[in-house]
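Structure record follows, encoded as structure tokens.
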2 protein chains.
Amino acid sequence: MANISDIAKQAGVSKSTVSRVLNGHKHVSKEKRRIILDVMERLEYSPNGNAINLSRGKTNTIGVLVPRVGHPFFHQLLEGIGQVCMERNHTLLVIQTEHDPAKEEASMQYLRDKRIDGLIIGAISQPQLLETMRTVGPVVACEDHQDIVPSLFFNHGKAITMLLQHVEERGAKTVGLCLGNPDSGVGRVRREAFDQYLKTSTLCHGIQWYADRCYSFEDGQALAGQLLTIDLPDAIIVGNDEVAAGLIDQFRKDGIRVPEDIAITGFDDVPIARALEITTIRQPVVMLGRLAAEQLLSDALNQSESASSLLEPSLMIRQTT
Amino acid sequence: MANISDIAKQAGVSKSTVSRVLNGHKHVSKEKRRIILDVMERLEYSPNGNAINLSRGKTNTIGVLVPRVGHPFFHQLLEGIGQVCMERNHTLLVIQTEHDPAKEEASMQYLRDKRIDGLIIGAISQPQLLETMRTVGPVVACEDHQDIVPSLFFNHGKAITMLLQHVEERGAKTVGLCLGNPDSGVGRVRREAFDQYLKTSTLCHGIQWYADRCYSFEDGQALAGQLLTIDLPDAIIVGNDEVAAGLIDQFRKDGIRVPEDIAITGFDDVPIARALEITTIRQPVVMLGRLAAEQLLSDALNQSESASSLLEPSLMIRQTT
DNA sequence: TGTTGCACTGGGACGCGTTTCAGCCTGTAG
DNA sequence: CTACAGGCTGAAACGCGTCCCAGTGCAACA
């Protein structure tokens, strides 16, 4: 594989001149430029990306930290980030943590060792790591860590409040809660908003109506089975549409009517929520991804003050409440 | 930021020795190793990834070419690939093409310029590009391009045949077809298998029952609206569960009974198919991703002969046929 | 005691572009 | 005709590890 020196030699010029042509700098005579381009074509020359990265000290690559790419929230986020990367000629490096603290910590290495120019945090279970990360390179979070790093995130607390208010208006007296990862930032915020709401309302909650680490349709079905062994609450707030769908599916199979016997709400408004007419929360996740990527890229470039911001959810009222 | 020379100087040794410690090579005295480690810690040294990549000539990164990360098939694929990357200490670079030929072509650059060690093709609309790609670096495809590059893929033709056989057995006389991207490899294979089956059966198809470029739940709803203006076929084969779900949803709203008035089949067995009890095709996509990544990594490492293989689909019979 | 062998260490070339700086040349203004 | 500006070009340092090769020194063996 030819390198820049080969080109220079064959074209009878110096490496500098070749480099100028490569980067579209001025001050290269028409004739030499032509010769150089000819030689490059003839030798099928292609500059070595790693050499460029090393010498420029940047890679035009940004990393994204997510638990799993398969999760509906995260793949929408990735899609938005990916769009911006493409528009701005950047590359997307995906780091799957599977919620593993060691992997989260290891991800910092990419930033430190200059393999990525910046990092977008999709979710992190150890926010204290951000403290170190920000000293290593630009970081933007898609959860609320605005006291540490610039953050763009949804108002999950408000979303929970909207859902609770809604089911209460529809007459619920008792309510359950089903979360995904209770230790994630989102999980904590949701839990807190839930507890907070109950304090100022007559709505009742009991520990038997609480579940977490539910991620899939099947988890929802299983949970329905468990709930059937006890008294059902009037409503249940579920942190994920697929889980809500599983719950509804199993309940209906068992002859429980939704929403008459139990009202169910989901989260994210994925296709399944539309198909089953699930009352849920819609959030412009792809847009969040875009904003985060734009924030990171502009920030990395011009070092301007970077702000955090809170995006508002919308309540989609359908047939399950 | 300290570099390896700084460490060497401070520790009173040569760069070579520091490098040996870094890479866990033998032949370093306990004492020097200790001193070096101390200095590294004190200066918060971290090796520069780009320098390592450059000097080693490899990056431990593999690229994946997909139209969009958001598509259910591709994010499952990414998940499988991601798992293997993690296990083998590799990194995942995602390249979204949005089916754009120019972007597909540009992706080759990563391989050529050594930013990735190998490339997994999720889908490509210009298979002829593979011809060049394989000369540039290791490539594995997840579609049928086995005449050009090692390929791991599903037997989409057989899946279509199974579905047609199934609806025919259930009494269908006329059948429709709804595809996604008709120009993709998968689209072509499906179309071909469909046409082929009809030739040897009494099942009827008419152009009014054909549609393509349907990707979402909403596309399915819209298609249902169109079909309602003409005579319905007895069954329709849909290339995507979400579209099938949209179709079912709209039909039911319009008082059309599924499967009595029209049988509907999906593809992929995503959660929505389980929720709506859609007869569909299940394929182990995550496993496909894993296999592809393993193939690529072992191939890149030991240059062994790499084989192509065909994975079998399974028919999930539910309530919509 | 001479020799062989092995553990340990350093020097320096190498991978490949980028960038700074100095210098040359030509054209134009005074 | 001199002087200065500005276009063009090359040498060489730089970014940062890796790795081959050539030792050096000490221990064991003949």
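The values are calculated or read from the model by the stated rules, or taken from the named source; none is laboratory data. Computed from a prediction, not measured in an experiment: that's the story for all the values here. Cβ atoms come from the backbone with ideal geometry, glycine included; neighbour counts cover every protein chain shown. The area values use the complete protein model at the heavy-atom level, side chains included, leaving out ligands, DNA and RNA. Shrake-Rupley method; radii C 1.70, N 1.55, O 1.52, S 1.80 Å.
Things worth noting here:
- Residue count for region B:8-23, restricted to those that are more than 11 Å from DNA strand C (Cβ to nearest atom), away from chain A (no Cβ under 14 Å) and part of a helix (DSSP H, G or I): 1
- Scanning region B:43-68 for residues that are more than 8 Å from DNA strand D (Cβ to nearest atom) and of a type in the set (Val, Ile, Thr) yields B:Thr59, B:Thr61, B:Ile62, B:Val64, B:Val66.
- Count of residues meeting criterion [open to solvent by 10 Å² or more (accessible area, probe 1.4 Å) and facing chain B (nearest Cβ under 7 Å)] in region A:71-90: 4
- Which listed residue is β-branched (Val, Ile, Thr), assigned by TED's automatic domain parsing to the domain that holds A:Val175 and under 26 Å from B:Ala245 (Cβ atoms), from A:Ile236, A:Ile230: A:Ile236
Per-residue answers, yes or no, for (1) in the same structural domain as B:Val84 (by TED's automatic domain parsing); (2) of a type in the set (Asp, Glu); (3) without any contact (Cβ under 8 Å) to a residue 24 or more places away in the chain; (4) surrounded by fewer than 17 Cβ atoms within 10 Å (Cβ to Cβ):
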{"position": "B:Tyr110", "(1), (2), (3), (4)": "yes, no, no, no"}
{"position": "B:Ile116", "(1), (2), (3), (4)": "yes, no, no, no"}
{"position": "B:Ile120", "(1), (2), (3), (4)": "yes, no, no, no"}
{"position": "B:Gln128", "(1), (2), (3), (4)": "yes, no, yes, yes"}
{"position": "B:Val139", "(1), (2), (3), (4)": "yes, no, no, no"}
{"position": "B:Leu163", "(1), (2), (3), (4)": "no, no, no, no"}
{"position": "B:Ala172", "(1), (2), (3), (4)": "no, no, no, no"}
{"position": "B:Leu177", "(1), (2), (3), (4)": "no, no, no, no"}
{"position": "B:Asp183", "(1), (2), (3), (4)": "no, yes, no, yes"}
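- Picking from residues in region B:24-42 that are among the aliphatic types (A, V, I, L, M) and part of a helix (DSSP H, G or I), the one that is farthest from DNA strand D (Cβ to nearest atom) is B:Ile35.
- Residues that are touching a Pro at 6+ places or on another chain (Cβ under 9 Å) and either modelled with pLDDT of 95 or more or assigned to a helix (DSSP H, G or I) (or both), drawn from region B:91-111: B:Leu111
- Out of B:Arg257, B:Arg252, B:Arg282, sole residue that is open to solvent by 30 Å² or more (accessible area, probe 1.4 Å) and closer than 21 Å to A:Gly70 by Cα: B:Arg282
- The set of residues in region B:141-161 being within 15 Å of the chain's Cα centre (by Cα) and either surrounded by fewer than 22 Cβ atoms within 10 Å (Cβ to Cβ) or under 16 Å from B:Val64 (Cβ atoms) (or both) consists of B:Ala141, B:Cys142, B:Glu143, B:Asp144, B:His145, B:Pro150, B:Ser151, B:Leu152, B:Phe153, B:Asn155.
- B:Glu98 meets all of the listed conditions (1) facing another protein chain (nearest Cβ under 9 Å); (2) open to solvent by less than 60 Å² (accessible area, probe 1.4 Å); (3) among the acidic types (Asp, Glu) but one, namely (2).
- Hey, B:Ala193 within 14 Å of chain A (Cβ to nearest Cβ) and part of a helix (DSSP H, G or I) or not: no
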